[in-house]
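K.L.:
Take this structure, written in structure tokens, and hold onto it; I'll ask about it next.
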Amino acid sequence: MAVVDFVDVLEPQNIADRLEALGKRCDAVAVIAGDHPLIGQTIQSLKERGKPVVAYITDQSARDRAGFVGTDNWKLGRTAAWFLAQTTPMPGRIAVFIGNHRYQCQDVSDASFRSYMREHAPHLQVDDSRPTHEEPQEAYRIVSQLLSELDDLRGIFIVGGGISGVLRALREAPAEKRDQVRVVCRDIGPETRKGLTEGLIMAALCHPLDQISDELIGTMIAALEHRDSTTILQRVVPFETITPESV
């Protein structure tokens, strides 16, 4: 039987405590969490008790993790940069929103995005990453401020959460400012689909949910079958690219 535990409080100690509790109920555990020593220590403790932990969507640095199932975040970040660079010939600024600096998937995408821009789009200035803490209201506040203060905002890359707040700010902005901003985001949901159909989002780079879920289950089973192995299982699933014409 599968047990799904949604966590609202993302503090490392709370995640570690919830992992510990799941380890008492389950044979194997998958976790989506920021990379932190407290979480790594819990992963080690569970492994010592024969309970493998698989990092899902975002990897962990814990050497005792059983595996990782996610996408190639280096390619994802550079793909996002390609979209913005190819559609933004005018000089200007690019804003990057990151949900949490401890999420490896977001940090790697952020780094590769900047790598591509330095290499291929020197006419675009990429600002320092702005944390949204996965809160739509914070994303709304930041975008509203940028649109009111800047005349050369050309693009936004949303690495983490907050897409609904970004879209709300764009809808409220004057058309002449809104139309010059290109938006690329990660993952798909009702708000993202609506933003794509409205033309507010140029592209969403998404995890294929059915495929990545199947890979996770298979990896957890494999980890149980080889729980004494020191090999870290790696399952990289190609991301999907969704545009307003394919949503």
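The values are calculated or read from the model by the stated rules, or taken from the named source; none is laboratory data. Computed from a predicted structure; not experimentally measured. Because the Cβ atoms are built from the backbone with ideal geometry, glycine has one as well, and the counts that use them run over all protein chains shown.
K.L.:
Any residue in segment 37-52 that is within 30 Å of Ala121 (Cβ to Cβ), among the polar types (S, T, N, Q), without any contact (Cβ under 8 Å) to a residue 60 or more places away in the chain and part of a helix (DSSP H, G or I)?
P.N.:
Checked segment 37-52: no residue is within 30 Å of Ala121 (Cβ to Cβ), among the polar types (S, T, N, Q), without any contact (Cβ under 8 Å) to a residue 60 or more places away in the chain and part of a helix (DSSP H, G or I).
K.L.:
While we're here: Among what's in segment 192-247 and is over 30 Å from Lys47 (Cβ atoms) and touching a Lys or Arg at 6+ places or on another chain (Cβ under 6 Å), pick the residue that is surrounded by the fewest Cβ atoms within 10 Å (Cβ to Cβ).
P.N.:
Val247
K.L.:
Between Lys177, Lys194, which is part of a helix (DSSP H, G or I), among the charged types (D, E, K, R) and closer than 23 Å to Ala81 by Cβ?
P.N.:
Lys177
K.L.:
Among the residues of segment 74-128, write down those that are among the acidic types (Asp, Glu) and closer than 19 Å to Asp59 by Cβ.
P.N.:
Asp107, Asp110
K.L.:
Then there's this: Counting just the residues of segment 104-115 that are in contact (Cβ under 8 Å) with a residue 40 or more places away in the chain and of a type outside the set (Asp, Glu), which one comes out surrounded by the fewest Cβ atoms within 10 Å (Cβ to Cβ)?
P.N.:
This residue is Gln104.
K.L.:
If I filter segment 116-142 down to residues being in contact (Cβ under 8 Å) with a residue 40 or more places away in the chain and either of a type in the set (Lys, Arg) or buried (at least 18 other Cβ atoms within 10 Å of the Cβ) (or both), which single residue comes out as nearest to Lys177 (Cα to Cα)?
P.N.:
For segment 116-142, the residue satisfying everything is Ile142.
K.L.:
Mind listing just one residue for me: the one in segment 61-84 that is within 17 Å of the chain's Cα centre (by Cα) and not in a helix (DSSP H, G or I) and, of those, surrounded by the fewest Cβ atoms within 10 Å (Cβ to Cβ)?
P.N.:
This residue is Ser61.
Listed here are the residues, each with its yes/no results for (1) within 19 Å of the chain's Cα centre (by Cα); (2) within 20 Å of Ala80 (Cβ to Cβ); (3) in a helix (DSSP H, G or I); (4) in the same structural domain as Ser115 (by TED's automatic domain parsing).
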position: His133; (1), (2), (3), (4): yes, no, no, yes
position: Tyr140; (1), (2), (3), (4): yes, no, yes, yes
position: Asp151; (1), (2), (3), (4): no, no, no, yes
position: Ser164; (1), (2), (3), (4): yes, yes, yes, yes
position: Ile201; (1), (2), (3), (4): yes, yes, no, yes
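K.L.:
Does segment 85-103 hold any residues that are among the polar types (S, T, N, Q) and either under 21 Å from Ser164 (Cβ atoms) or crowded, with 20+ Cβ neighbours inside 10 Å (or both), and which are they?
P.N.:
Within segment 85-103, just Asn100 meets the criteria.
K.L.:
Also, I was wondering about something else. Of these, Gly162, Gly199, which one is over 25 Å from Ala2 (Cβ atoms), modelled with pLDDT under 95 and in contact with a Pro (Cβ under 7 Å, 6 or more places away or on another chain)?
P.N.:
Among Gly162, Gly199, only Gly162 is over 25 Å from Ala2 (Cβ atoms), modelled with pLDDT under 95 and in contact with a Pro (Cβ under 7 Å, 6 or more places away or on another chain).
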